[in-house]
Amino acid sequence: KFKEKSDACKRVAREIGSLIRHRAAENRNCVLGLATGSTPIRVYRELVRMHREEGLSFHNVVTFNLDEYFPMQPTAPQSYVRFMNEHLFDHIDIVRSNVHIPNGTIELESVPGYCRDYDELIASCGGIDLQLLGIGRTGHIGFNEPGATRDTRTRLVKLDTLTRIDAVSDFGGIEYVPLLAITMGVDTILQAKRIRLLAFGEHKADIVQRAIETRMNATVPATFLQAHRDVQYLLDEDAAECLT
Ligand code: F6R
């Protein structure tokens, strides 16, 4: 628990930075799982600062984003491609071919094969070293909404109504919010070696409490993180308020 969310974000950014440097020293890649949304923005800001001021290089970094709306053009203002470029990739020296974000433009019939390939690519890169997560008010991680079981892999999913309502301000009306998304599955996420979940603000307090203090169940997919042996929840005081 942190007094300021900026302290939590700096802590995670420092951990990511040292992991990247550690791997670089061994001539190895560092594989990061990344999230979008308002929560991790300051982590990315801090990583950009470390790149500019501390010479942190991303040349050995491979990234996999959790999710993308479907359908979604990468050039659309709401796309997670645009989000990641604006907040991180445009400001660092990452090799563009090392960046992976689910493709919101593929044909519906190609989606299952595409999703299988996404999981296989993660595995062939050696798996995710550190997965950054936020949590939705539905208890989703990635876009694994209530009902998503522990064994789910990358796939096309329906967005929960509450999740779509939370996205209205980005889209300018509920009718413009996509109904679907491609997301890594719960099992895909659980295979990451380290998981760092960030949650800030009183609107997350109730779901954070349920994620941590109720038994694992698909109604709150974030409860499945309890099965992971290296997960940390980095919270501000507001988000931690309901924990006993
Ligand atoms: C984003 C993602 C989502 C968000 C969650 C919280 O890639 O997978 O699970 O992490 O919806 O969003 P914010 O941070 O905007 O509250």
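List the relative contact order of the chain as a percent without decimals, with contacts defined as Cα pairs under 8 Å and 6+ residues apart.
Values: 477 pairs, mean separation 53.8, N = 244.
Computed value for the chain: 22 percent relative contact order.
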Number of Lys pairs in the chain closer than 26 Å at Cα, excluding neighbours under 8 places apart unless interchain, is 10
Out of 176, 80, 114, a Gaussian network model of the chain with alpha-carbon springs under 10 Å gives the largest mean-square fluctuation to 176
For the chain, inverting the pair-averaged 1/r of distinct alpha-carbon atoms gives a Kirkwood value in Å of 18.1 Å
Listed by chain and number, the residues whose amide H is under 5 Å from that of residue 72, excluding neighbours fewer than 5 places away on the same chain and using placed H, are 104, 105
Percent antiparallel among DSSP beta bridges confined to the chain, rounded to 5, stands at 35 percent
Simple spin-label estimate for residue 95/residue 176, 7 Å along Cα→Cβ, in nm, reads 3.8 nm
In whole angstrom, the spacing between the Cα centers of segment 128-180 and segment 1-59 equals 24 Å
When 140, 87, 228, 203 are ranked with the fewest other C-beta atoms within 10 Å first, the list becomes 203, 228, 87, 140
Here, residue 117 and residue 238, labelled 7 Å along Cα→Cβ, have an inter-label distance in nm of 4.2 nm
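How about segment 192-244: which trypsin sites (Lys or Arg not before Pro) there lie in a loop by DSSP and see at most 12 other Cβ atoms within 10 Å?
Details: sites: 193, 194, 196, 204, 210, 215, 229; in loops: 193, 215, 229.
Taking segment 192-244 and a limit of 12 other Cβ atoms within 10 Å, the loop trypsin sites (Lys or Arg not before Pro) found are 215, 229.
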So, with points 7 Å from each Cα along the Cβ direction, the residue 105-residue 193 label distance in nm works out to 3.4 nm
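Each value in this text was obtained by applying a stated rule to the coordinates, not by laboratory testing. Bear in mind that the values here come from a model prediction, so they are computed numbers and not experimental data. Virtual Cβ from ideal backbone geometry, glycine too; neighbours counted across all protein chains shown.
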